[in-house]
Amino acid sequence: MTVPEGGRPAAAGPAGRRPARPASTVYLLLGEEEWLAEQALRELLDGALSPSERDLNLDVVDAADAPLAEIITRCETLPFFGNRRAVVVRRGERLRPPDQDALAAYLGERPPPSMVILLAEKLDKRRRLFAVLQRISRIVPCRRMDPGQLPGWVRAQVEAAGKTIAPEAAEALVALVGGALRELHSEVAKLAAFVGDRGRITVDDVREVASHVAEVTVFDLMDAVGERQAERALRLLQVVLAAEAPVKVLFMLGDQIRMLLRTKALLDRHPPGRRPPEGAIRNTLGTRAFLYDRYRAQVAAFGRMDVVRLLGLLAETDTDIKTGSMPPDLALETLIVGLCV
C-alpha cells in the first residue's frame with residue numbers, strides 16, 4: 001500500500017534557496033477503516049525505523065488517556081542511538097477541544113523533531129487542528145469502502161495472494177463476511193490456503209470456507225417463514241441461537257426482512273414477470289445483488305407484505321429483549337410465530 005499525500009507539500013523555493021519548511025514529518029491517518037489505518041501505519045514505521053530501533057525510538061500513546069503535555073514531551077524527545085524517532089497518537093478524535101487547539105499551536109509553530117503519526121476516525125474540520133494538519137501534514141484517507149468497491153478489493157487481495165477469484169465468488173464473500181476489511185483479508189487468506197495448488201477460488205469454495213452458519217441458516221429460516229412452516233422455522237431458530245446471541249439474531253432477521261422489502265420495492269417498479277436490469281438490482285441490493293433470485297423467491301412466498309406490521313413486530317421484539325419484559329429466546333420465538341401468521 002502506497003501512502004498518499006493528502007496535505008499540501010512544501011513548495012520548492014527559488015534556485016539556491018531552501019524551502020521554508022522541511023519535508024513533513026507529521027502524518028494524519030484519517031477514517032473509520034481500521035485495517036487501512038493499520039496498513040498505512042505499518043508502512044510508515046517500516047520506512048522510518050528498523051525493528052532494532054523501535055524499543056528506544058517508538059512511542060505509542062492513546063489520546064483518550066495521555067495528557068497533552070506528555071504527548072508533546074514525547075514529540076520533543078530526540079532520538080536515542082538512531083537518526084529518527086516516531087510518536088504514534090491513537091484515537092485522535094478523543095482529544096478535548098482545548099487540547100486540539102494546543103496541539104495545533106505546537107505543530108503549527110515548527111516541525112517537531114520526532115515523526116508524529118496521528119490516527120483519528122474523524123476530526124472536526126472547523127477546528128484549527130484540522131486546518132494546521134491540512135497545511136503541514138500528509139493526510140492518508142482511511143475511509144470505509146463503498147459496498148460496490150468491496151468485491152474489487154477482494155479480487156485485488158486474492159491476486160496479491162497469487163490466486164484468482166470468480167466475480168460471483170468475490171460478491172458472495174462480501175455478502176457473507178460483511179464490509180470489514182480486516183475480516184475480509186482474513187477470509188481471503190483462509191481461501192488461498194484452502195484451494196492449495198488450485199489457482200482459482202469459486203463460489204463453492206467461499207461457501208465451504210467463509211459461510212457463517214448462522215447467516216446461512218437465517219435464509220433457510222426465512223424460507224420456512226415465507227412458506228408459513230412455523231414448526232420448521234422454530235427449529236431453525238434454535239440452530240441460529242446456538243451460534244449467535246439473541247440480539248445478533250434479531251439484527252440478522254431484521255436485516256433479512258429489510259432486504260426483502262427492498263426487493264419487493266424493486267419488483268413493484270418493473271413490469272411483472274420481467275427481471276429488472278442488472279444495474280437496478282445492484283443499486284438496490286449492493287453487494288448482495290447475486291442473491292436477487294433467492295430474495296425474489298422469498299418475496300413471492302411471503303405474498304403481500306405489510307411493511308408496517310413487519311417493522312412493528314421487529315420493534316416490539318427489540319423492546320421486549322432490551323427491557324427484559326420477556327426472555328430473549330421467547331421473544332424471538334414469538335416474533336417467528338407472528339411472522340408465520
Handout entry: Candidate set from region 285-324 (those that are of a type outside the set (D, E, K, R) and under 17 Å from Ala245 (Cα atoms)); member that is surrounded by the most Cβ atoms within 10 Å (Cβ to Cβ)
Key = Thr317
Exercise for the section: For Pro79, state whether it is of a type outside the set (Gly, Ala, Ser), in a loop (DSSP other than H, G, I, E, B), surrounded by fewer than 16 Cβ atoms within 10 Å (Cβ to Cβ) and assigned by TED's automatic domain parsing to the domain that holds Arg42. Expected result: no
Completion exercise
If we keep only residues of region 261-284 that are surrounded by fewer than 20 Cβ atoms within 10 Å (Cβ to Cβ) and closer than 19 Å to Gly178 by Cα, then the residue farthest from the chain's Cα centre (by Cα) is Arg262
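Could you tell me which residue of region 133-145 is nearest to the chain's Cα centre (by Cα), considering only residues that are closer than 18 Å to Val87 by Cα and of a type outside the set (Gly, Ala, Ser)? Let's see the steps before the verdict.
Taking region 133-145 first, the residues closer than 18 Å to Val87 by Cα are 133, 136-140.
Those left that are additionally of a type outside the set (Gly, Ala, Ser): 133, 136, 138-140.
Details: Leu133: 25, Ile136: 28, Arg138: 23, Ile139: 19, Val140: 16 Å.
Going through the qualifying residues, I end up with Val140.
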Exercise for the section: Please indicate, with yes or no, whether at least one residue in region 235-247 is crowded, with 20+ Cβ neighbours inside 10 Å and among the polar types (S, T, N, Q). Expected result: no
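Does region 196-205 include one or more residues that are modelled with pLDDT under 85, under 23 Å from Leu285 (Cα atoms) and either exposed (fewer than 14 other Cβ atoms within 10 Å of the Cβ) or of a type outside the set (D, E, K, R) (or both)?
no
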Fill in the blank from the handout: Checked pairs for region 37-49, first over 18 Å from Lys122 (Cα atoms) and free of Cβ contacts under 8 Å to residues at least 12 places away in the same chain, second basic (Lys, Arg) and buried (at least 19 other Cβ atoms within 10 Å of the Cβ), C-beta under 7 Å and 6 or more apart or across chains, list as none
Problem - Flag if Val88 is of a type in the set (Val, Ile, Thr), within 20 Å of Leu133 (Cα to Cα) and either free of Cβ contacts under 8 Å to residues at least 40 places away in the same chain or assigned by TED's automatic domain parsing to the domain that holds Ser186 (or both) - result: no
Exercise for the section: Tell me, please, whether a residue that is among the aromatic types (Phe, Trp, Tyr), touching a helix residue (DSSP H, G or I) at 6+ places or on another chain (Cβ under 8 Å) and within 22 Å of Leu173 (Cβ to Cβ) can be found in region 298-319. Expected result: no
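The values are calculated or read from the model by the stated rules, or taken from the named source; none is laboratory data. No experiment lies behind these values; they were computed from the predicted model shown. Note that each Cβ is placed from the backbone with ideal geometry, even for glycine, and that neighbours are counted across all protein chains shown.
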